[in-house]
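**Student:** Just dropping this structure here.
Coordinate-derived values only; no laboratory data. Bear in mind that the values here come from a model prediction, so they are computed numbers and not experimental data. Neighbour counts are summed over all protein chains in view; Cβ atoms, including those assigned to glycine, are modelled from backbone coordinates with ideal geometry.
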Amino acid sequence: MPQEIKKSYNPFKMLGSWAGFALGIVSFPAWESSKIFLLNPISWVIPFVGDFFSYGLLFYVIALFTLPVVFFVYGWIIHAVLRKIGRENPGVIIILVSMLVILPTVYGLIKDQQTFQAALKSADSDIHAAKALPEGTQRTGEDFRRESVAMNAIMVMAKAETDVASFMDKMMSIARNESIAIDVRLTALDSLSSKVSAMSSDQKKNLSDQLVSFDTSYLSGADKERMVGRITNLQKLLAQ
């Protein structure tokens, strides 16, 4: 019997290693939505070093840019296992290595959609939870957090709402609501800018009329200037 040739497990001579390396490079555009950098063990220490390294930014960047190397190792392991059990096949190797990117990407998209739907469901209550404070009152960390959540809720509503008239009414109602924090109300006006191009002539006239009658007399100082500025900018956009 002819002597069986012993195959090398040198990672630099195996298809799986280079398939993993290539996928690690081409997966860069998808990293934000897929969270594939979590496959890099370096990223696992981010929660523990966040307070010491600018919220883990250093390790975050390292985890992202060493992905090709990590995928190279993963691809080598997959190929080596398949070779060991006698299932070595170029097609199978590439499919399994590709799943390193596909599965986290699918998971990331599903997770993002779930987060989006949860934010949309609680948007109204989140917005009204950001209360305006009496003049001269110092905002706390919790106040800033609520305002941030509320402004994000407005952005979520802007992305989800396809009925321009309904969205316009909601945002103008928020902008006029004196019980809501001023920054949240300004964000409501800002969000209308993205909908102007989709408005009909009647809707533009309706919004323009509402802006003309918008009462800012109760505001003072920088808050009044910012509100008037937002209204003026929106009026200019409607006039184009």
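**Student:** Give the long-range amide H neighbours of Lys131: residues separated by 5 or more places, or on another chain, with amide H under 5 Å away, using H modelled in the peptide plane at 1.01 Å from N.
**Tutor:** Ala181
**Student:** Which one of Lys204, Lys84, Lys111 has the biggest mean-square fluctuation once the chain is modelled by GNM with Cα springs under 10 Å?
**Tutor:** Lys84
**Student:** Fully extended, how many nm does the chain gain between Val69 and Tyr218 (0.36 nm per residue separation, minus their Cα-Cα distance)?
**Tutor:** 47.6 nm
**Student:** Another question, then. Specify the residue with the greatest mean-square fluctuation among Leu58, Leu109, Leu186, computed from a Gaussian network of the chain linking alpha-carbon atoms under 10 Å apart.
**Tutor:** In the Gaussian network model the winner is Leu58.
**Student:** Here is a follow-up. With the crude spin-label approximation of a point 7 Å out along Cα→Cβ, what separation in nm comes out for Val228 versus Tyr9?
**Tutor:** In this crude label model, Val228 to Tyr9 measures out at 7.6 nm.
**Student:** Measuring from label point to label point, each 7 Å out along Cα→Cβ, what is the Gln235 to Leu109 span in nm?
**Tutor:** Placing both labels 7 Å along Cα→Cβ, they lie 4.5 nm apart.
**Student:** Chymotrypsin sites (Phe, Trp or Tyr not before Pro) within segment 143-240: which are DSSP loop residues with at most 14 other Cβ atoms inside 10 Å?
**Tutor:** When the chymotrypsin sites (Phe, Trp or Tyr not before Pro) of segment 143-240 are filtered for loop state and at most 14 Cβ neighbours within 10 Å, Tyr218 remain.
**Student:** Another question, if that's okay. For the chain, restrict the atom set to alpha-carbon positions and state the Rg and Dmax in Å.
**Tutor:** 26.8, 99
**Student:** Work out which GluC sites (Glu not before Pro) in the chain are exposed loop sites (DSSP not H, G, I, E or B, at most 10 other Cβ within 10 Å) and give the longest gap free of them. Could you put the intermediate results ahead of the total?
**Tutor:** On the way: sites that count: Glu4, Glu135, Glu178.
Formally, the longest exposed-site-free interval is 5-134.
**Student:** In nm, to one decimal, how far is the modelled label at Asp163 from the one at Gln138, with both set 7 Å along Cα→Cβ?
**Tutor:** Between Asp163 and Gln138, the label points sit 4.5 nm apart.
**Student:** If you don't mind, there's one more thing I want to ask. Please give the Cα centre distance for segment 88-117 versus segment 124-185, rounded to the nearest Å.
**Tutor:** 36 Å
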